[in-house]
Structure formats: structure tokens, C-alpha cells
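Accompanying notes for the structure given below.
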Amino acid sequence: MIEKKEILRKNLDEVIWNIEQARVEVSEHHIVKLVAVGKYSDEESIKTLYELGQRAFGENQVQQLATRMQNLDDLPIEWHMLGHLQSNKINKLLELRPSLLQSLDSIKLAKSLNKRLVEKNQTMNALLQINSANEESKSGVGVDEAIDIYQQIKQECSNINLKGVMSIGAHTQDIKEIQKSFELTYSIYEKLVKNGATTCSMGMSNDYELAIKCGSNLVRIGSKIFKER
Ligand SMILES: *Cc1c(COP(=O)(O)O)cnc(C)c1O
């Protein structure tokens, strides 16, 4: 098991080093948050990473999030929900009180979520997910409607605290295409800063350095941290 810890340490160090390189290219003052995504891994590894200093973790399924929060509840971990939220899972998510729902992906979901939040006298921090590469397979609001929907949620959903935007880079090997999807998301984020947006979540294992250079200040990294070889 010592060996496993050393592998995770090496992976984490490498990712942190790369984030550091990319962020200072933007500016010394550009701070990037790292959320470790545990969906391909196990609780033991999450615990090990916690011991190594990592504090924010994300899951993309409500049930997995629930199990892990419960089994690791002795650790003051900051939990993020990253995946599409089905409306029949809203109550469960409310019980869990994650620190950030990154995948608020439609006005319809925002309205049903807000309704429950009001009923339970609770609030939730969230990011509006943008489908910046306009891909059928991905959820999220369209680039052209993102600003209007963001403002509508701000106005109509009193118990949702919108903190910014989240996007998944274009699913392609073409770096130009990926970069374009990040630049589009960032341009929307920039316009929302005056509405109080502070978080631009983009970048995963294969594209986080590029995402940071395009302005991301939160990266969500799974396989590069948890892989054991
Ligand atoms: C799985 C997942 C990640 C992490 O993916 P990796 O490529 O393993 O880094 C990030 N964001 C979301 C929304 C995910 O579902």
C-alpha cells in the first residue's frame, strides 16, 4: 500500500506542477483550483490523496457521491457534483449539500431545483454548464443562450447561488477545436463577471493546461491523478 501512496503522490505532484506552469503563463495572480475526480477510483485512494493535501473532490453520480460522502465523513472534504442531475435525484442531492453543483445544465433543472430549495429553506452554489462545442452527447445550455439563461436563473431562482460557468472541452484530437470551445466558454464567463461570476471551470486530464491558458480557474482532473501506472 505504501507503493500506491507513492504513485498517487507522484501523479498529484505532476498535475500540480503542470497547473503551476500553465497558470503563471497567464499571470502570477491567476489562481487555479484543483478538483480531483474520483469516479474511476476508490475511497481508499481518495483518503490517501486527502492525506497528501488534496481537499476538493468531485463525483459525477449522485449515488456515488452519497456513498463516498458517508464513508469518508470523518474527513472535512469539499465535495463537488459534476454530472448531469436527473430531477428524481434532486432531493438526494439536497440532503448531501455539496459545496458546488457544477452541472446545472438547463433552465428547467434550475427551476425544479430552486423549488425544492425554497421548500427546504436551503441554498446551493452552482455553475451553469455550457455545451460550448455544441455536441449532441453533452448536456449544457447553448453558447448563444448562455448569458440570458444565466441572468434568468439569477433573477428567478432565489435559492441558487450562481458562481460561474462549467464546460467540457470539445471531444476531438484537434487542439484548435478544443481551444475554440474553451475560448467560447471563457468569453461568456468574462461577460458574466459583472453579474458576480467568479468561477470558470474547464479542463480535464487531457486538456487542463490548455484550459488554464484560455482562462480557466478550476480544473477537474480524474485519470491523471488516480491512474496507477
Ligand atoms: C470524469 C469527469 C472529469 C474528469 O475526467 P478525466 O478525463 O479523467 O480527468 C471531469 N469533469 C467531468 C464533468 C467528468 O465527468
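Annotations
Residues are listed down the side, and each one gets a yes or a no for (1) at pLDDT 95 or above; (2) in contact with a Leu (Cβ under 8 Å, 6 or more places away or on another chain); (3) closer than 30 Å to Lys10 by Cα; (4) within 15 Å of the ligand (Cβ to nearest atom):
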position	(1), (2), (3), (4)
Lys120	yes, yes, no, no
Ala126	yes, yes, no, yes
Gln155	yes, no, no, no
Leu184	yes, no, no, no
Ala197	yes, yes, no, no
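- Selected residue (criterion: surrounded by the most Cβ atoms within 10 Å (Cβ to Cβ)) from residues of the stretch 90-119 that are of a type in the set (S, T, N, Q) and within 18 Å of Thr199 (Cβ to Cβ): Gln102
- If you go through the stretch 49-67 and keep only what is in a helix (DSSP H, G or I) and more than 23 Å from Glu3 (Cα to Cα), you end up with Val62, Gln63, Gln64, Leu65, Ala66, Thr67.
- Restricting the stretch 172-182 to residues that are more than 17 Å from the chain's Cα centre (by Cα) and of a type outside the set (Lys, Arg), the residue that is nearest to the ligand (Cβ to nearest atom): Ile178
- Scanning the stretch 199-219 for residues that are within 12 Å of the ligand (Cβ to nearest atom) and either surrounded by fewer than 24 Cβ atoms within 10 Å (Cβ to Cβ) or assigned to a helix (DSSP H, G or I) (or both) yields Met204, Ser205, Asn206, Asp207, Tyr208, Ala211.
The values are calculated or read from the model by the stated rules, or taken from the named source; none is laboratory data. Worth saying up front: this structure is predicted, and the values here are computed from it rather than measured. Neighbour counts are summed over all protein chains in view; Cβ atoms, including those assigned to glycine, are modelled from backbone coordinates with ideal geometry.
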